[in-house]
1. In the set 201, 140, which member is surrounded by 15 or more Cβ atoms within 10 Å (Cβ to Cβ), polar (S, T, N, Q) and farther than 30 Å from residue 291 by Cα?
2. Looking at the range 358-367, can you tell me whether even one residue there is among the small types (Gly, Ala, Ser), modelled with pLDDT under 95 and surrounded by 20 or more Cβ atoms within 10 Å (Cβ to Cβ)?
3. Are any residues in the range 179-194 part of a loop (DSSP other than H, G, I, E, B) and either of a type in the set (Val, Ile, Thr) or crowded, with 20+ Cβ neighbours inside 10 Å (or both), and if so, which ones?
4. Determine if the range 328-347 includes at least one residue that is surrounded by 15 or more Cβ atoms within 10 Å (Cβ to Cβ) and in contact with a Leu (Cβ under 6 Å, 6 or more places away or on another chain).
5. Which members of the range 39-62 meet the condition of being out of contact with any Pro (no Cβ under 8 Å at 6 or more places or on another chain), in a helix (DSSP H, G or I) and at pLDDT 95 or above?
6. Yes or no: the range 287-295 includes at least one residue that is in contact with a helix residue (DSSP H, G or I) (Cβ under 6 Å, 6 or more places away or on another chain), under 22 Å from residue 229 (Cα atoms) and either of a type in the set (Gly, Ala, Ser) or touching a residue at least 12 places away in the same chain (Cβ under 8 Å) (or both).
Amino acid sequence: MVHLIRFLYGLTLAFLFLIFVPIWYVLNKKKGYDVGLLERLVLKVKDLQTKPVWIHCASTGELKTAMPIINYISSKEEVLITVFSPRSYDFALKNLKNAVVVFLPFDFSFLIKRFIKHYKPKILIIEEAEFWFNLVYVSSKSIPVLSINTKIPKNVENLYYRTLLKRFSKFILRNQKDAEVLKKIVEEEKITVCGNLKLLSQVNEKNIDLDKNGKKIILAGSTHNPEENVILEVFLLLKQSFPDLSLVLAPRHTERVDEILEIVKKHNLSYSLRSKTNKIDTDVYIVDTLGELAYMYRFADAIFIGGTIANVGGHNIFEAILSGKKVIIGSNYHKIKDLVEEAEKLNAIFIVKDKNQLKEAILKVLNNPNLEIDIRKIQSDIYECYKKEVDRWI
């Protein structure tokens, strides 16, 4: 059966390669990206001094998530990083000075064999859900293959995944729910739950110039229409009990600022813009700048994450949780369901169904500063768990 899967996979891959790779190559060239074609064909290689630990992260996001573990391993071993996209290649070159960075070969068995023959890795560590058949199958014949921060596919029990997942030596998972799913396919001793590597991010440590001016702050981040109006109505109710309360509104799309200003004016509230002042001395403070929201969460006393009342499906809640605060979201979170489930296990989230529940959740947080979570302890536990498991294999 494995031979049949490999044959059909190889046939499909060859067809897609001939049709789409030329188009993909031309489109990237037009954008000015070096797609590393020779590296992907293993016709251009780099030299290493020792047998490296091979770590594969497809995207820039995966590289950022795996950075703490990559840095730990590179402090004691030579590290070979493979990536898929040109942007992630540039990011890795810039931020991983102690690692050798190359493009992942196209997933033909003869290319994976050629790659392994040249670089002679001692182990392959794959981040999240990069379940390329030949990458895993061919590599597993000569070296251990580990999956870290594993993202379990929705159709995990089909023949392709059941065959491939059995080739892994170890899975280091985000949560127990994923472990229960995986136990139906692989041996239990191959599974360890350490937590989500995304929680090791240090995003909140960048200093930004923001003066709370002695105010209590509700921060509504990544909001969409009609969420601004809902949160403003709740804010007006809470303002009666907290005269020093201010609302920081950070819309998902800054081009909506003029629209939001009109909504604020209808509520007869004073307002100011982030681009004009760093001091919060009005009822509403609107973030009309880019790239600062993640660093503002630590200033908030209560946090609401948008895209969850509007039928959007949610946005990144972990950036807010890293501030050590519990977050509040609406009931439309289908795009971040896995993150919400993990946040629930950390007791770091309130899910509300209507405006009244939103008001009660914010009130509860404002009245109970001790509801903050010990994010440093959580991060330390996750990091030490990953270090322990990785050390067993390298």
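1. Values: 201 fails: farther than 30 Å from residue 291 by Cα.
The match here is 140.
2. The first filter runs over the range 358-367 and keeps only residues among the small types (Gly, Ala, Ser), leaving 361.
Keeping just the survivors that are modelled with pLDDT under 95 gives none.
Within the range 358-367 (the criterion being among the small types (Gly, Ala, Ser), modelled with pLDDT under 95 and surrounded by 20 or more Cβ atoms within 10 Å (Cβ to Cβ)), the answer is no, since none of the residues qualifies.
3. Taking the range 179-194 as the starting set, the residues that turn out to be part of a loop (DSSP other than H, G, I, E, B) are 183-187, 194.
Matches in the range 179-194: 185, 186, 194.
4. Checked against the condition, which is being surrounded by 15 or more Cβ atoms within 10 Å (Cβ to Cβ) and in contact with a Leu (Cβ under 6 Å, 6 or more places away or on another chain), the range 328-347 yields no hits at all.
5. Initial filter on the range 39-62 (out of contact with any Pro (no Cβ under 8 Å at 6 or more places or on another chain)): 43-50, 55-62.
Adding the requirement that they be in a helix (DSSP H, G or I) leaves 60-62.
Within the range 39-62, none qualify.
6. The initial filter retains those residues of the range 287-295 that are in contact with a helix residue (DSSP H, G or I) (Cβ under 6 Å, 6 or more places away or on another chain), namely 288, 294.
Then drop every residue that is not under 22 Å from residue 229 (Cα atoms), which leaves 288.
With either of a type in the set (Gly, Ala, Ser) or touching a residue at least 12 places away in the same chain (Cβ under 8 Å) (or both) added as a condition, the list becomes 288.
There is at least one residue in the range 287-295 that is in contact with a helix residue (DSSP H, G or I) (Cβ under 6 Å, 6 or more places away or on another chain), under 22 Å from residue 229 (Cα atoms) and either of a type in the set (Gly, Ala, Ser) or touching a residue at least 12 places away in the same chain (Cβ under 8 Å) (or both).
Yes/no matrix, rows are residues, columns are (1) part of a helix (DSSP H, G or I); (2) closer than 29 Å to residue 245 by Cβ:
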site: 356; (1), (2): yes, yes
site: 362; (1), (2): yes, yes
site: 365; (1), (2): yes, yes
site: 370; (1), (2): yes, yes
site: 373; (1), (2): no, yes
site: 377; (1), (2): yes, no
site: 382; (1), (2): yes, no
site: 385; (1), (2): yes, no
site: 389; (1), (2): yes, no
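For every residue, the table says whether it meets (1) closer than 21 Å to residue 91 by Cβ; (2) surrounded by 15 or more Cβ atoms within 10 Å (Cβ to Cβ); (3) hydrophobic (A, V, I, L, M, F, W, C).
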{"site": "14", "(1), (2), (3)": "no, no, yes"}
{"site": "27", "(1), (2), (3)": "yes, no, yes"}
{"site": "43", "(1), (2), (3)": "no, no, yes"}
{"site": "47", "(1), (2), (3)": "no, no, no"}
{"site": "55", "(1), (2), (3)": "yes, yes, yes"}
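The values are calculated or read from the model by the stated rules, or taken from the named source; none is laboratory data. The shown structure was predicted, so the numbers you read here are calculated from the model rather than taken from an experiment. All Cβ positions, glycine included, derive from the backbone under ideal geometry; neighbour counts span all protein chains shown.
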